[in-house]
Structures are given as structure tokens and as C-alpha cells.
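First comes the structure, then the notes that go with it.
The values are calculated or read from the model by the stated rules, or taken from the named source; none is laboratory data. As the structure is a prediction and not an experimental result, all values here were calculated from the model. Heads up, the Cβs are rebuilt from the backbone with ideal geometry, glycines too, and the neighbour counts pull from every protein chain shown.
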Amino acid sequence: MLSFMKKLKSKLAKSKSGFVGKLAETIRLRGKVDEELMEELVEILIRSDVGVGMSEEIVEKLREEVRYHKYTQSQDVLNALQSIMSDLLLKDYEDLTPGFDFGSVKPYVILFIGVNGVGKTTTIGKLARRFSDEGKKVMLIAGDTFRAAAIEQLTIWADRSNVTIIKREQNSDPSSVVYDGIASAMSKGFDVVLIDTAGRQHNKVNLMNELNKIDRTIKKLIPEAPHETILVLDATTGQNAISQAKTFNSVVKLSGLTITKMDGTAKGGVVMGIKHELNIPIRLIGVGESVEDLKDFDAKEFVEAMFTTDDGGSEETEGEE
Ligand SMILES: Nc1nc2c(ncn2[C@@H]2O[C@H](COP(=O)(O)OP(=O)(O)O)[C@@H](O)[C@H]2O)c(=O)[nH]1
Ligand SMILES: [Mg+2]
């Protein structure tokens, strides 16, 4: 647990210096707690992709706290900000235990969707390793038949973790690959099926129709599946991630989100924005390209990692790796 926190903190270092670091610095430099400071904070939050609505809500709560407690010290303001952000992020998430619970469901079907390049295939590869390490019988389905490279990429991940992959040649009908995969998973007693999909088609309508067809195909074999439909979003795309989520959610019902590339962005604030704009829980975060760089999202731990530094104050720490 400790080493995980360390890792997350260090991975978030870039987010931190760009986001919470900037907030902390602004509060310190301002030296006094006044309305001008509050306005600067709103601006930083908005620039960090927290979103206009969420930014205003955070700072309005901060104003109330400052007034009520008559805060004058930077550290008090920063602490108040942390607890406000933490509360807002945790709201509605309290009952959500991080991780996956398959219960007695078998096979447990997880469908991954999202635009090209966000990290669907990588996330599936990382999860394949996790589930296989847990002793589960794992199947990957190469539903991105749009590009040959996508099928190869998933095959490499399957080989690395020694799990089964169901694939066909490029340009085959993704729904029929999915159908065959699930039928086989049912008859052969697989525990979990992870389905990769294309993020690009000749046009957006085609893509949405295809995802819809895949969803219906799965339901033909297992009416209550997919047990999870996870939209993968790239944190570095900021507010664009939110509009992607709205588009995809209108075609297939999303059960959760994965936010990738949290290591490579100064925009960790997008997690707050997503929480505010979409009522879809974040399940996983990607913090790098390697197999171990996937974490169950834990809102409390996430806020703590954003605000904590190892040297007891400087938000400029770049981590210890
Ligand atoms: N830094 C970083 N890179 C990632 C992460 N997740 C995926 N990537 C990289 O993003 C690129 C696109 O990923 P891919 O899985 O092919 O995206 P897909 O098109 O959605 O399947 C690859 O180079 C991945 O290595 C992450 O959490 N952090
Ligand atoms: Mg892919």
C-alpha cells in the first residue's frame, strides 16, 4: 500500500506541479486571503480542466470556509481546499469499492470503448495480466478489426500474460469475432472476457453503429452482459474527454471510466471535471505504459496523492524514481 502511494504520488508529480502545485504557490505568494485570491484560484482550476461549474463550486465553498473560520494563513486555505475537493470527489463514490467483483458471474464480460489512441488496448493488456495473476482464466477478443496493427498489439499483450486471444483477419466483422469469442468463453469456462474495439471508423456514425451492434451481439448470448462497459479517456485531452463521454454514453450505456495518461499531464484536474459533469464512476487510472501502471481508482487516495508531497511542502517535487 505504501509503495503504491509513493508510486502514484511520483507518477502524479507532473499533475501536481501543474495543478495543486500552482494552487499552493498562488496561495503562498498572495500572502493574504482575499477575493482576488479566490478569483485567481477559480482561474487556475478552470485552466487545469476542472471545468467551470466545478471550479466555481469549489471556490464558493472555500469562501464560506474562509469566512466561517476567519482563515488568514496560506496553509489553512490549502487544507480547506483539499478537504473541499476531496469531499466533492468522494460524494456518491463512497459505496463504490475500488476493483472488480465478479461475484458468481462467469464469464464476466467487460467491453472497452473509446476513440483512437486513448489507451484501450494497453488497459486491456494490463488487466489481462492482473486477472491472470489472480488465477483467472482470461480471454481477450480483438474487436478492433479496423487496423491490422491493433490486432497485433493485442496479440503481444495476450502472449505476454499467456492468456487466450480470439482474433480474425483485418476488416472482419467485429461483431462476429465477439460472438465467436463469447460463445467459446461460455463453453470453455472462462472467468473473464475483455473485449477490445476500434476507436475509429470511416466516420463517426459507422463507429457508433458498430459499437451498438457489438453490444447487441453480446446480449444475444448473455442478456445481462456486458457486465461492464468502460469508456477509456485520455487525461491529456482535458475537456474534450467530457464531450467524448457524452457521445459514447448516448450509444451504449457506460458503467465506468478509465482515465489514462495521468502520468503525462499537468491536467489531473480533469478528474474533478469528469466527476462534476458525468455521473459515471472512474474505475481505473493509467499512470504509464507498462503492465503495472494501472490502478483501481480510489477517490480518497487520489486526492491525498495530489496534495501530499514527500518533502513536507514543496509541490515542485518531481518524484523519486
Ligand atoms: N504515458 C501513458 N501512456 C499510455 C497510457 N495508456 C496508454 N498509453 C499509450 O498510449 C498509446 C495508445 O494506446 P493504445 O492502447 O494503443 O490506445 P487505443 O487506440 O485506445 O487502443 C500507446 O503508445 C500506449 O502505450 C498511460 O496510462 N500512460
Ligand atoms: Mg487499440
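Assorted remarks:
- Taken as a whole, the condition of being out of contact with any Asp or Glu (no Cβ under 8 Å at 6 or more places or on another chain), among the aliphatic types (A, V, I, L, M) and more than 14 Å from ligand 1 (Cβ to nearest atom) does not apply to Val232.
- Yes/no for Lys220 being more than 16 Å from ligand 2 (Cβ to nearest atom) and in contact (Cβ under 8 Å) with a residue 12 or more places away in the chain: yes
- Hey, Leu211 out of contact with any Leu (no Cβ under 8 Å at 6 or more places or on another chain) and buried (at least 18 other Cβ atoms within 10 Å of the Cβ) or not: yes
- Look at segment 97-121: where a residue is in a loop (DSSP other than H, G, I, E, B) and of a type outside the set (Phe, Trp, Tyr) and a partner is near ligand 2 (Cβ under 10 Å from one of its atoms) and modelled with pLDDT of 95 or more, sitting 6+ places away or on another chain with Cβ atoms under 7 Å, you get Gly114/Lys120; Gly114/Val232; Val118/Val232; Gly119/Val232.
- Scanning segment 123-165 for residues that are closer than 13 Å to Thr197 by Cα, surrounded by fewer than 18 Cβ atoms within 10 Å (Cβ to Cβ) and more than 10 Å from ligand 2 (Cβ to nearest atom) yields one hit, Ala148.
- Residues in segment 234-264 that are in a strand (DSSP E or B) and β-branched (Val, Ile, Thr): Thr258, Ile259, Thr260.
- Considered as a group, the residues in segment 260-283 that are more than 18 Å from Lys246 (Cα to Cα) and away from ligand 2 (no atom under 16 Å from the Cβ) include one that is modelled with the highest pLDDT, and that residue is Met262.
- Filter result for the condition that a residue is within 19 Å of Phe248 (Cβ to Cβ) and of a type in the set (A, V, I, L, M), over Ile124, Ile182: Ile124
- Apart from one condition, Phe100 fits all of (1) within 16 Å of ligand 1 (Cβ to nearest atom); (2) over 17 Å from Thr260 (Cα atoms); the exception is (1).
- Options Leu41, Leu88, Leu45: the member that is surrounded by 14 or more Cβ atoms within 10 Å (Cβ to Cβ) and modelled with pLDDT under 90: Leu88
- Qualifying residue in segment 215-228 (condition: within 20 Å of the chain's Cα centre (by Cα), surrounded by 18 or more Cβ atoms within 10 Å (Cβ to Cβ) and not aromatic (Phe, Trp, Tyr)): yes
- Selected residue (criterion: nearest to ligand 1 (Cβ to nearest atom)) from residues of segment 137-157 that are in contact (Cβ under 8 Å) with a residue 40 or more places away in the chain and assigned to a helix (DSSP H, G or I): Ala150
- Residue that is modelled with the lowest pLDDT, among those in segment 48-61 that are buried (at least 22 other Cβ atoms within 10 Å of the Cβ) and either farther than 22 Å from Gly238 by Cβ or polar (S, T, N, Q) (or both): Ser48
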